[in-house]
Amino acid sequence: MSTDFLSELKERGLIYQMTDEAALEKQLKEESVKLYIGFDPTADSLHIGHLLPILTLRRFQQNGHVPIALVGGGTGMIGDPSFKDAERSLNTLETVQNWSDSIKNQLSRFIDFDDEKNPAILANNYDWLGKLSLIAFLRDIGKNFTINYMMSKESVKRRIETGISYTEFAYQLLQAYDFLQLYETQGCLLQLGGSDQWGNITSGIELIRREKDVQAFGMTMPLITKADGTKFGKTEGNAVWLDAEKTSPYEFYQFWINTDDRDAVKFLKYFTFLTLDEISQIEKDFVKAPESRIAQKMLSKEVTILVHGNEAYEQAVKISDALFNGNLKELNAAEVKAGFKDVPSYEVQPADDLKLVEILVASDIENSKRQAREDIQNGAIYVNGDRIQDLNYSLSEIDKIENQFIVVRRGKKKYFLLHFS
């Protein structure tokens, strides 16, 4: 077990707050510690906002500790008010359980539940919260917390003015109870979370102290902010999911390759398992030649392989290169579908005239035949990357990629997809 583990976490910028640093450092050095992070199922997939805590669990496991991934099948029925401006919508038990199962499968890709020395533990708080008696909970757990104490939490104070239901107000008690349960059943002594979880984490530590007279610990990671002020984890307003069906590996790769120069090295420390010495060398090379984008290339490679595997990474690079160079005929149908997922598309009908001028108008790529002819003559129309300036050109079987797609480009960046069924 590395004695410098905590120092490395600090150097990577992964620690925002922790309770009793000296005692926690001693505990981590002397024994294998069990620690947990909770993941409430608010969708059928985790997204890259969850990636930092997941990878931090992995770092602890690699250093000889035992991570517990807690799926919030119970708390997910309530909703955490932390740093939310409005009440979450409540979901049905069946929906939350289905989402919980999906999240379990995703977590197993990142942390090892079959490790011979220190296998990770998977838990679901519905197993105990679903059996709770309200009277017993209020009597045994609620008595440990004053209203003043609960009101002092930042997650609650932020919502008092706009309104907070008793349901969400009581959330911190449920999370505290999770910590107590995991201590009693697994010997868990450390809870990790984002910085917005500090109030909930310290409530759990206080409950364990009162009920068991034991010192537990808490550690938070920073909430990630981007240098340009936009929200991390979204691209074009949509979340970047870890599920390849919701965010394709190509889109995932594009998110990372487009990282701001000011964030690239920081994200290498956060999201990759490259050593700090390796990252330092990348930073030196990047500072010398930022146009090489070496930091973004390494970041997108490491994270895409980590989440989706090497084959998906290589496919993402192939699609990117083909788009950059205009060699679209090198792509297969699956790659075209992934690379042009969000561009306007048109289902070509059997009765459609396949003369280029006609199909440009039928598919709404052009608003008139006159404009279509003008753009073709001016060299603004490309079919699968090839410029077409023949007004009499007709699309043929040769143009179809695996008999399914033709990619049309108008101008420098406006792509359209013709789909043949």
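Structural remarks
- For trypsin sites (Lys or Arg not before Pro), the sites in segment 324-355 that DSSP calls loop and that have at most 15 other Cβ atoms within 10 Å are 341.
- Highest GNM mean-square fluctuation among 351, 338, 239, for the chain modelled with Cα contacts below 10 Å: 351.
- Each Cα pair under 8 Å and six or more residues apart adds its sequence gap; the mean of these over the residue count of segment 345-419 is a relative contact order of 34 percent.
- Gain on full stretching of the segment that runs from residue 59 to residue 227 - 0.36 nm per residue minus C-alpha separation: 57.9 nm
- One decimal place: the segment residue 386-residue 212 gains 55.4 nm when fully extended, by the rule 0.36 nm per residue minus the C-alpha distance.
- Note on residue 413 and residue 43: the model spin-label points, each 7 Å out from Cα along the C-beta direction, lie 2.4 nm apart.
- With both labels modelled 7 Å from their Cα along Cα-to-Cβ, the residue 127 to residue 403 distance reads 5.1 nm.
- Extending 7 Å from Cα along the Cβ direction at residue 373 and again at residue 105 yields two label points whose distance is 5.5 nm.
- Within the shell of other residues whose beta carbon sits under 12 angstrom from the beta carbon of residue 248, the net charge comes to -2, with Lys and Arg scored +1 and Asp and Glu -1.
- Treating each Cα of the chain as an identical point scatterer and summing with the Debye formula, the log10 of I(q)/I(0) at q = 0.09, 0.10, 0.13 Å⁻¹ comes to -0.68, -0.79, -1.11.
- In segment 313-421, the C-alpha radius of gyration followed by the widest Cα-Cα span (Dmax) gives 13.2, 43 angstrom.
- Across the cross-link table entries 34/131; 104/131; 104/318; 34/284; 284/337, which are compared at the Cα atoms, the separations over 27 Å belong to 104/318; 34/284; 284/337.
- Compactness of segment 234-325 as Cα Rg over 2.2 N^0.38 Å, two decimals: 1.06
- Structural descriptor for segment 353-396: relative contact order 44 percent, calculated from alpha carbon pairs under 8 angstrom and at least 6 residues apart.
- Structure note, pairs 26/269; 29/246; 29/288: Cα-Cα distances above 32 angstrom occur for 29/246; 29/288.
- Along the chain, the longest continuous region that contains none of the GluC sites (Glu not before Pro) in a DSSP loop with at most 10 other C-beta atoms within 10 Å is 246-421.
- Given charges at beta-carbon only (K, R positive; D, E negative), |dipole| of segment 234-325 in Debye: 180 debye
- Each Cα pair under 8 Å and six or more residues apart adds its separation to the average, and for the chain the resulting relative contact order is 14 percent.
- Which of 70, 46 has the fewest Cβ neighbours within 10 Å, and the rest in rising order: 46, 70
- FRET efficiency estimate (nearest 0.05) - Cβ-Cβ, residue 334 to residue 195, R0 41 angstrom: 0.55
- Helical content alone sets the calculated 222 nm signal of the chain at -13000 deg cm²/dmol, taking -39,500 (n - 2.57) per DSSP H segment of four or more residues and averaging over every residue.
- Near residue 286, once Lys and Arg are set to +1 and Asp and Glu to -1 for all other residues with Cβ below 9 Å from its Cβ, the sum equals 0.
Readers should treat all values here as calculations from the given coordinates under stated rules, not as data from a laboratory. Bear in mind the structure is a predicted one, so any value in this text is a computation, not a measurement. Virtual Cβ from ideal backbone geometry, glycine too; neighbours counted across all protein chains shown.
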